[in-house]
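Notes follow the structure.
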Number of protein chains: 2
Amino acid sequence: MPQQPRDLKPLFEPAAVAVVGASRSQAKVGGLVLSNLLEAGYRGRVYPVNPAAALQGKDIMDLPAVASVAELPDGLDLAVVCLPREQVLAEMRILAAKGVRAAIVLAAGFRETGRLGFEAEMELKRIAQDAGMVLLGPNSLGLISTGCALNASFAIGQPKPGGVAFFSQSGAMCVAVLDWAMSLNMGFSRFVSLGNKALIDESAVLRYLGADPETRVIVGYCESVEDGGEFMAAAAEVSTRKPVLMLKAGSTAAGARAVSAHTGAISGSPAAYRAAFRQSGVLQVDEAEQLFGLAQAFATQPLPAGPGLAILTNSGGPGILAADACARSALTLPRPSTATLSRLTEILPGFASAYNPVDIMGDAGPQRYREALAALLADSQTHAVLVLLTPTALAQAEATARTVIEAANGEENPGKKPVAACFMGREAVRAGRELLQAAGIPCYDFPEAAVEALDALYLHFRRTQKQQPPATSCDGELSRGACDAPWDEEARYIVEAAKTRGLIEISGVEALEAAHAAGLPVLTTGLARTSAEAVRLAEEIGLPVSLHLATPEPGPAAGAWTGGGIGFGGGGAGGGFGGGGDPEALGRFARLRDEAGVRHAFLALTSRAARLRPEAYVTGCLVQAATGLPGQGGFELVAGFTRDPQFGPLLSFGLAGVSSELLGDVSHRLAPLTPEDAREMLREVRFYPLLRGARGGSVVSLAALERLLLSVSRLAQRLPMLVGAEFSPVLAGPDGVFIAGARLTLG
Amino acid sequence: MPQQPRDLKPLFEPAAVAVVGASRSQAKVGGLVLSNLLEAGYRGRVYPVNPAAALQGKDIMDLPAVASVAELPDGLDLAVVCLPREQVLAEMRILAAKGVRAAIVLAAGFRETGRLGFEAEMELKRIAQDAGMVLLGPNSLGLISTGCALNASFAIGQPKPGGVAFFSQSGAMCVAVLDWAMSLNMGFSRFVSLGNKALIDESAVLRYLGADPETRVIVGYCESVEDGGEFMAAAAEVSTRKPVLMLKAGSTAAGARAVSAHTGAISGSPAAYRAAFRQSGVLQVDEAEQLFGLAQAFATQPLPAGPGLAILTNSGGPGILAADACARSALTLPRPSTATLSRLTEILPGFASAYNPVDIMGDAGPQRYREALAALLADSQTHAVLVLLTPTALAQAEATARTVIEAANGEENPGKKPVAACFMGREAVRAGRELLQAAGIPCYDFPEAAVEALDALYLHFRRTQKQQPPATSCDGELSRGACDAPWDEEARYIVEAAKTRGLIEISGVEALEAAHAAGLPVLTTGLARTSAEAVRLAEEIGLPVSLHLATPEPGPAAGAWTGGGIGFGGGGAGGGFGGGGDPEALGRFARLRDEAGVRHAFLALTSRAARLRPEAYVTGCLVQAATGLPGQGGFELVAGFTRDPQFGPLLSFGLAGVSSELLGDVSHRLAPLTPEDAREMLREVRFYPLLRGARGGSVVSLAALERLLLSVSRLAQRLPMLVGAEFSPVLAGPDGVFIAGARLTLG
């Protein structure tokens, strides 16, 4: 349910601010906030509210004290409530009555402390909502808005202005990030501690920052999001305009458990978050350190128009380390063009390497750096340049920094290609590094971090090039035409009837029928209880057919006791593995071509089952069409969905059986799927080249597979009483895609 | 060919040092070296050699100048040769004649500059070798030995003493590492710039450092090693005594190409280096930054006796990030014991989480940190503790650092469990961090880096626990009993005969015969040119048999045009893929049980081949035994070797066909394989659980597979004229392991 976007201007750009609970003492929150406000040079009017001081007619930090919130002017933009928890609700009621437009509540002791705190927080939220007041917090560290010189926080330190906006669910991360950023001389446009997110959450802040002209890149830290659908909608909209980087704590199962222990919230699965970020254009980072490196690059550099990275270095080792990092990224190391090579050969001494990495030798001075950099920037194969400098005896870090700045920001870079630097070492290159940073050229400690940042720029560029806008909501309806497979309400009736019967799972023929009605490409299948029935069904369906043992027991057991399941393909020379032998060992007979074969298969399967697992309940055999099935070289795939508590249906796609899960080669997306999402799901798995016919694989109809995924997405959306579905195996070959097995799970 | 270990004492601990080419000017290398020597406080005698100064009777830096190297005392320990390249050889001859025991040659312009330089370097090496002189360089930055206050380098800065020894092939990396380390206050025992490694290489230095009582951990940077076998021998010996960390530049294919461009050396493959490091107990790191974090932990902390990590934190977010990092490592997050939980509950306020991560809340002062740390250190499930601190308003970084030091280094840590810290932020925690570092508790900027370092300690512990010593040489003979399969010299005759005939590859029956003679478990196979021959062979071999098309064309084509190759296993419920149909599509017939079947199969295969690929040269069909073959649920594997230029035979193991290579799921080891190596090769692939019967896989005889790998290793060693071999498919099931196809490549 998308909310009405709230006007956050009174919060981020207030014309006047009241500090409720202002104090003279820096040991108190109310003192820290007031002194931060004044020290940052806020130019609007400031009202310190402190009854005792007002009673004594005293000033607080040279401002006349206000006796109570009741005496504040009506319609004030922002009140920073620095009071202890016990006093917050009463004062907030008065602020609401006065028409104060925004409030920041700093006190902790609300939702995070249990039931009573939760109720107090709900009351706080109601007060703000009823008054149409913007509420940040509670349990927030406050907010910094460098554009209007506002520091309404009790954080320590004043960040300088810049293009990075940061928001965080964790106050601790705010403190640490601010401290780090100041030592890196990183500038911020806005800095927001979300706290408990009673009203204003990451989605609302994202929308504001997306429209904020002072913000170039948005960086967020979260443990959970409040509303998955609204977050995706906001992020999808904003990420088309500017890069959004997110560090999600709890990106592993163990981390997610720690999040639950910490916030008490039922969070979505790590896979669902990953899919949500990707589908809404958010760049997810996995480690805290990356946030800084990436933010600096995005805040200062243009995007590269392609993957070609030129590495310019005065020493071999660091150049090689950068090349290694490049090989682990989406970037490439193009060979310089002939023109560039001959230009470089003119510039460089005899033993230098003009190839990429371009090693201009340890004795390279600023001039050689500049000429080589200009030559590389002029090369059409180069989309970005990384300048490496090691403080050799003859290196001139400061002077080189100056020429790099001139070349990168001047006429030698007419194409506005991004330039990053890595000056190796610490003290010996400090001055050069600071010059670069100050001039907006990000400079890294290690080559790997520099390549990682340029890689992120390129990945973002690639995303912005996609025509198709990402999905805008996780619970909206599919865009028209996204799934053109037929839909029969029979699918709903089958599922509802099963639910009425109290079933928790639908499998076998029934599940295949539901899937068929939902527009999925299902093999015609019938259940035969006797061999005669099997023969009749085979005639109805049309020969050839396959026979499989049918048992209502859950899947894995069936696979295991029929002894079937695994068998990896050959393909080596000179050999071959007896795939054709002993069909009765498989729990199935494939491609039976006549009545006798069908009868024999039925008896063989059921008698073997009775012999090996007399306790199993065997309902008979499934008789399944076998026309058009892919032969050797085809694939057994799996597609399905589970329902994520935060983001709704999470689709998955991979190889059937064991290998996919074991090898972690599964792709995920959230419903509703766009055709582009479906395409990406196929391309993302490592075995994708096989589907395109690599190394003897069948060329599979990707269109048919995409259609299948879109149909699964629609099924998940139309039948909310399904908590999950698995279609396995999905047989795919050049002649089409066929579902041979299905299981639907009911809520 | 292992060299005689050289005595490096005159180099690292000289009683007296001559600086040849000493200068008063710090702008000259000879001046930098002399002033570094004096500044470091070297206590031995120093002889500055400078003819001009001596002629004028002048002192150099308060030392009487020596007129020429001829006037130096005989048998001097160390000469640092700071002369330009042109003068080096002549002076080195005199130094050699004077019996100087060790020399460092700083000048560049040798091997790295082309043929003339290479010849000069060979001459330099001869001079040193003939005189039994230890030679470091040329093209070295020099050497630092803090134990005897020796700084014989022109690097800038004096590192403080400590337990870390560093050596590097790249002077640039030396400069950068030294600069970084000084800003991190990291101490070194020895610091060595290897330069061109004309004589003293990484192996010689490793052996010295292994025996050096002042060195606790050895850290190296290399682009290539000089002698693969000798390096492995040295590393294997040393790594049993102390940890060896290596950053290998060129760990990717692109990086390896950059190494070749830089050093001109033909280096081994990245996979071979990875295997060499692993088999000799070296911990390979992939990024420069990791070197520092890991070295600090190894230099100061004991090894954890298990994987259990307790995370102690004053804020949720960083704790979760640490838990995420832990999930990506080999460490675990055990739940504290009941006793620990009740102790923690006593200590902690109401809302704190006593589970792991243990969140002691933002208002935690030093006392609460100390008590919680003591409780965790006392827990038998805890093998290591990570202390996280975020500079919240109430956090006391310095005081907390002090209590952490007391607890970790005192009575509260009787089990000597390793403790690491991460104090988040920069300025706000600087003092606390410095206290920790100074007291030998590594303190990291980010939680992920801290977990990574503790993980490395644990991995090293696990390695030291292995009873089996690693292989000691890559060209020695297998230890007795490692490969007990029979060996028939027929294998050698087949390969030699093929070489005589000018063949570059042996395949088909011949390759299988050679493999059989080499003790590999090969399916009995014959080549039939006619259907009658096929029937006769089938009778000889014994029914059932399989038939395969035989063509001398290289493997992949054969796989592709028979349309066979790929087919991933099913295993999903309710479905099944027609593995039994259309055998003629496969280019093979499996498990033929009678004469008619064999005859039919022969005709079907050859006529189909003639129809589809009339240009192909078909020699007939291979008739292969099919008794005892695994049925569905078995595996098609591949094993083989290639010959690495640096490290010799590199064995590989994976799934046959396409999946393994595509999914990067291949394990590598260098020959000779120990039984332990063979076991690890099996356990290292991601599909290993399938071989143990997971999810319907056949339980494969691991002993048989290990035996196979040991036999391949022996084959690679006994027949050096083979440049490679591939055995594929290797059919593995409960009844055994059978090679159905082989290809041997000749040099």
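Couple of notes before you dig in:
- Residue B:398-residue B:380 pseudo-label distance in nm [points 7 Å out on the Cα-to-Cβ vector]: 4.2 nm
- Prolate/oblate/rounded label for the protein assembly as shown (Cα gyration tensor, a/c 1.5): oblate
- The charge dipole of the protein assembly as shown, taken about its Cα centre with unit charges on the Cβ atoms of Lys, Arg (+1), Asp and Glu (-1) only, comes to about 200 debye.
- Shielding score for B:423-431, defined as the mean number of other chain Cβ atoms within 10 Å: 5
- Beta bridges per DSSP with both ends in chain A, % antiparallel, nearest 5: 50 percent
- Principal-axis analysis of the Cα atoms of chain A puts helix A:288-300 at an angle of about 70° to the longest axis.
- Take residue B:490, move 7 Å from Cα toward the beta carbon, and the resulting point lies 6.5 nm from the same point in each other copy, nearest first.
- In order along segment A:440-455, the Karplus-derived 3J(HN,Hα) couplings, from 6.51 cos²θ - 1.76 cosθ + 1.60 at θ = phi - 60°, round to x, 10, x, 10, 10, 6, 10, x, 4, 5, 5, 5, 4, 5, 5, 4 Hz, and Gly and Pro are given as x.
- Relative contact order (%) - segment B:107-202, alpha-carbon pairs under 8 angstrom, separation at least six: 33 percent
- On Cα atoms only, tilt of B:490-500 relative to the major axis of chain B in degrees: 90 degrees
- Within segment B:65-139, trypsin sites (Lys or Arg not before Pro) in DSSP loop having at most 16 other beta-carbon neighbours inside 10 Å: none
- Share, in percent, of DSSP beta bridges within segment A:348-478 that are antiparallel, nearest 5: 10 percent
- Three-way shape call for chain A based on the alpha-carbon gyration tensor, with the a/c threshold at 1.5: oblate
- Starting from the label point of residue B:158 at 7 Å along Cα→Cβ, the same points in the other copies fall at 4.2 nm, in ascending order.
- Computed accessible area, residue B:347, all protein chains, 1.4 angstrom probe, square angstrom: 20 Å²
- Taking a point 7 Å from the Cα of residue B:38 along the Cα-to-Cβ direction, the residues of segment B:155-171 with backbone N closer than 20 Å to it are B:155-159.
- For segment A:71-83, Karplus couplings with θ = phi - 60° (6.51, -1.76, 1.60), whole Hz, Gly/Pro x: 8, 5, x, 5, x, 4, 5, 9, 10, 9, 8, 9, 7
- Label point 7 Å beyond Cα along the C-beta direction, distances from residue A:645 to other copies (nm, shortest first): 5.8
- Taking every DSSP bridge with both residues inside the protein assembly as shown, close to 50 percent are antiparallel.
- Sites residue A:666 and residue B:260 - FRET efficiency at Förster radius 56 Å, r taken between beta-carbons, to 0.05: 0.90
- Per-residue HN-Hα couplings for segment B:20-27 [Karplus 6.51, -1.76, 1.60; θ = phi - 60°; Hz; x = Gly/Pro]: 8, x, 5, 9, 7, 8, 6, 7
- Buried area at the A-B interface (accessible, heavy atoms, 1.4 Å probe, summed, Å²): 9900 Å²
- Cβ-Cβ distance of residue A:496 and residue A:337, R₀ of 45 Å, FRET efficiency by 1/(1 + (r/R0)^6): the value works out to about 0.10.
- Remark: spin-label model distance residue A:9-residue A:439 equals 3.9 nm, labels positioned 7 Å along the Cα→Cβ axis.
- Distance between the pseudo-spin-label points of residue B:52 and residue B:119 (7 Å out from Cα toward the beta carbon): 3.1 nm.
- With Cα atoms, 0 to 90° folded angle of helix B:316-327 axis to chain B main axis: 50 degrees
- Loop-exposed GluC sites (Glu not before Pro) per DSSP, neighbour cap 12 Cβ within 10 angstrom, longest uninterrupted part of chain A: A:1-410
- Largest first, the residues B:600, A:548 sort by 1.4 Å accessible area into B:600, A:548.
- Only helical runs count toward this figure. For the protein assembly as shown, summing -39,500 (n - 2.57) over DSSP H runs of n ≥ 4 and dividing by all residues gives -11500 deg cm²/dmol at 222 nm.
- Theoretical FRET efficiency, 1/(1+(r/R0)^6), r = Cβ-Cβ of residue A:411 and residue A:240, R0 30 Å, to 0.05: 0.40
- Cut-off 16 Å, label 7 Å out along Cα→Cβ of residue A:363, residues of segment A:374-410 by amide N: A:392-396
The values are calculated or read from the model by the stated rules, or taken from the named source; none is laboratory data. It should be emphasised that the depicted structure is a prediction, and the values quoted were computed from it without experimental measurement. Quick reminder, even Gly has a Cβ in these numbers, built from the backbone with ideal geometry, and neighbours come from all protein chains shown. Ligands, DNA and RNA are excluded from the accessible area calculation, which covers all protein heavy atoms including side chains. Shrake-Rupley method; radii C 1.70, N 1.55, O 1.52, S 1.80 Å.
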